[in-house]
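Colleague: Please find one structure pasted underneath; my questions will follow.
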Amino acid sequence: MRILVVNPNTTASMTEKIGAAARRVASAGTEVLAVNPAHGPASIEGFYDEAMSLAGMLAVIRTTPDYDAVVIACFDDTGLDAARCLTDKPVIGIGEAAYHMASMISNKFSVVTTLGRSVPALEHNLHRYGLMARCARVRSSEVAVLELEHPGSDACARISLEIGRAVAEDHAEAIVLGCAGMADLADTLAKEHGLPVLDGVTCAIGLAEAMVKLRIRTSRIGGYSPPPAHKTM
């Protein structure tokens, strides 16, 4: 099995971190190909960055051969619907994957993301997925995405502080980390706070493997119908 993991931003160090997290949980025999586009924003923080990243991300999916599933490794689920139009293979967003898994292990969960400008996009997705009622709150830690790439940053401490607030104020029973760049923090934070802390990258890898094994494919009827050939060049 070969899973294409696409980081829609252009920060290679984050792509390496995402790939490492994915490989830690992938089954023996599963190849994880973690890539990012050559052009686009260095980080995705809100609606504008998301729009600017789409062309590069979709080009990577369109031109990469021989994968069995795709994981969109941006917590905004950047371009998820458009990507599903490009292939009948399973395409999973890390936000969608983490939300669904959190809803199966807790009565309510909170999301701890990066900057406040990202909160509306995540709330929009939760409403769209029908899971807003299960989410106590989407919280911002006011940690910029690229701070997560800086050695010596206090980003983890600030995220941990926000998790503590979510437990105390939201009565959250699980936490979803709202950024792919937080993929390496989940285990540490779960032990620190004594509750499940979910990373969307690993959740998405697990779902992707299951869908491939079950031979589940993306519908070609209706909204996910493939675009005309002259529009995919």
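Colleague: Tell me the angle of helix 200-213 to the major Cα principal axis of the chain, expressed in degrees between 0 and 90 and rounded to the nearest ten.
Modeller: 40 degrees
Colleague: May I pose another question? How far, in degrees from 0 to 90, does helix 94-105 lean away from the longest principal axis of the Cα atoms of the chain, to the nearest 10?
Modeller: Once rounded, the angle reads 50 degrees.
Colleague: Rolling a 1.4 angstrom probe over the protein chains, ignoring ligands and nucleic acids, what is the accessible area of ARG220 in square angstrom, nearest 10?
Modeller: So the heavy atoms of ARG220 present about 80 Å² to solvent.
Colleague: In whole percent, how big is the carbon plus sulfur part of the accessible area of region 112-233, probe 1.4 Å, protein atoms only?
Modeller: Reported share for carbon and sulfur atoms: 56 percent.
Colleague: Same structure again: Go ahead and estimate [θ] at 222 nm for the chain from helices alone: -39,500 (n - 2.57) per DSSP H run with n ≥ 4, summed, over the residue count, rounded to 500.
Modeller: Mean residue ellipticity, 222 nm, calculated: -12500 deg cm²/dmol.
Colleague: On to the next question. Could you work out how far apart the two model spin labels at LEU161 and LYS191 are, taking each label as a point 7 Å from the Cα in the direction of the beta carbon, and quote it in nm?
Modeller: 2.3 nm
Colleague: Taking Cα atoms, how many degrees apart are the long axis of helix 119-128 and the longest axis of the chain, rounded to 10 and kept between 0 and 90?
Modeller: So the helix axis and the longest Cα principal axis differ by about 60 degrees.
Colleague: May I ask you to give the percent of accessible area on region 46-97 that is carbon plus sulfur, with a probe radius of 1.4 Å?
Modeller: Its accessible area is 58 percent carbon and sulfur atoms.
Colleague: Moving on to the next point. Among 119-130, 173-184, how do they line up by average Cβ neighbours within 10 Å per residue, starting with the highest?
Modeller: With the highest mean Cβ count within 10 Å placed first, the list reads 173-184, 119-130.
Colleague: Lys and Arg at +1, Asp and Glu at -1: add these up for the other residues within a Cβ distance under 15 Å of PRO226 and post the number.
Modeller: Net charge in that neighbourhood comes out at +4.
Colleague: Provide the net charge surrounding MET211, with neighbours chosen by a C-beta distance below 15 Å and charges set as Lys +1, Arg +1, Asp -1, Glu -1.
Modeller: +2
Colleague: Over the chain, with the other protein chains present, what is the accessible area per residue in square angstrom, probe 1.4 angstrom?
Modeller: Accessible area per residue, the chain: 44 Å².
Colleague: Amide H neighbours of ALA172 under 5 Å, at least 5 residues apart or on other chains, H built in the peptide plane: list them.
Modeller: Those qualifying (amide H under 5 Å, at least 5 residues apart or on another chain) are VAL167.
Colleague: What are the ³J(HN,Hα) couplings of region 72-87, residue after residue, when phi is run through the Karplus curve with 6.51, -1.76, 1.60 and θ = phi - 60°? Round to Hz, x for glycine and proline.
Modeller: In residue order, the calculated couplings are 8, 8, 9, 5, 6, 6, 3, x, 4, 5, 4, 4, 5, 6, 7, 8 Hz.
The values are calculated or read from the model by the stated rules, or taken from the named source; none is laboratory data. A quick note: this is a predicted structure, and the numbers were derived from the prediction, not measured. Here Cβ is always computed from backbone atoms with ideal geometry, including for glycine, and neighbour counts include all displayed protein chains. Side chains included, ligands, DNA and RNA excluded: accessible areas come from the protein's heavy atoms. Shrake-Rupley method; radii C 1.70, N 1.55, O 1.52, S 1.80 Å.
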